[in-house]
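Here is the structure we will look at.
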Amino acid sequence: MTNNIQIETPEYKNIVAHDETRALQIVFGDRPNYVVGYGRKDALGLSDSVIIKDGVFVALAEVRCRYHCTHDTLVKTWKNEWLFTFSKLKRLARIAGELRVAAYGLMYIKDSNMVLVEKLADREGRIVCTYHVEPTETKLYLTSDETGVRDNAYILMDKARIYHDARIHTPTDR
């Protein structure tokens with residue numbers, strides 16, 4: 001669906017917003033005691049979403065959609081690692097600690113129709129996922145071709161919970 005669509009167009013932004021919402025629905029859609037608060041897409045916010053359980057704010061959620069790849073691609077080609085900007089990971093952990101809630105990362109692998117959920121930070125603000133940092137040549141902004149070297153965290157997804165059509169699969173029962 002995202003073939004040949006420019007990244008900074010309203011059409012692309014609508015697709016991503018829809019897919020991020022779909023990812024959260026896959027994880028939380030059949031849990032009546034959870035409510036998801038969606039962040040604004042037109043401004044830098046604390047997080048993509050907030051998670052409320054039984055009326056209590058319990059977590060932040062960052063959602064990323066991966067297109068034109070499968071779970072097999074993630075495991076075999078990308079060594080089951082999720083590239084995440086390190087400065088964003090540190091910022092998310094700091095905010096989670098300040099708010100005294102956990103922070104989770106949700107990776108929606110659209111072509112496999114699955115969401116991998118990894119705890120990124122605890123309520124103390126500590127990064128708790130397994131990762132390593134590497135400087136990487138990358139585009140600095142979505143809206144330009146300017147590149148530069150940025151520290152990226154490569155988060156290991158081996159222990160991520162996998163959600164698919166509201167069924168949960170742990171790493172041991174794949």
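The values are calculated or read from the model by the stated rules, or taken from the named source; none is laboratory data. Because the structure is a prediction, the values reported are computed rather than measured. Cβ atoms come from the backbone with ideal geometry, glycine included; neighbour counts cover every protein chain shown.
When the residues of the range 147-160 are narrowed to those that are of a type in the set (V, I, T) and either out of contact with any Pro (no Cβ under 7 Å at 6 or more places or on another chain) or under 12 Å from L83 (Cα atoms) (or both), which ends up surrounded by the fewest Cβ atoms within 10 Å (Cβ to Cβ)?
T147
Condition first: among the basic types (K, R), assigned to a strand (DSSP E or B) and at pLDDT below 80. Now tell me which residues in the range 137-174 satisfy that.
If the condition is that a residue be among the basic types (K, R), assigned to a strand (DSSP E or B) and at pLDDT below 80, then K139, R167 are the ones that fit.
Could we say that R126 is loosely packed, with under 14 Cβ neighbours inside 10 Å and charged (D, E, K, R) here?
yes
Here is a check on your reading of the model: is S144 farther than 22 Å from V56 by Cα and either in contact with a strand residue (DSSP E or B) (Cβ under 6 Å, 6 or more places away or on another chain) or surrounded by 12 or more Cβ atoms within 10 Å (Cβ to Cβ) (or both)?
No; evaluated as a whole, the condition is false for this residue.
Of all residues in the range 75-93, how many are under 15 Å from C129 (Cβ atoms) and assigned to a helix (DSSP H, G or I)?
Residues flagged as under 15 Å from C129 (Cβ atoms) and assigned to a helix (DSSP H, G or I) within the range 75-93 amount to 7.
Scan (1) small (G, A, S); (2) farther than 22 Å from G125 by Cα; (3) in a strand (DSSP E or B) for the single condition G37 breaks and write down its number.
The one condition G37 does not meet is (2).
Out of the residues in the range 38-59 that are surrounded by fewer than 12 Cβ atoms within 10 Å (Cβ to Cβ) and closer than 22 Å to K88 by Cβ, state the one that is modelled with the highest pLDDT.
So, considering only residues that are surrounded by fewer than 12 Cβ atoms within 10 Å (Cβ to Cβ) and closer than 22 Å to K88 by Cβ, the one modelled with the highest pLDDT is R40.
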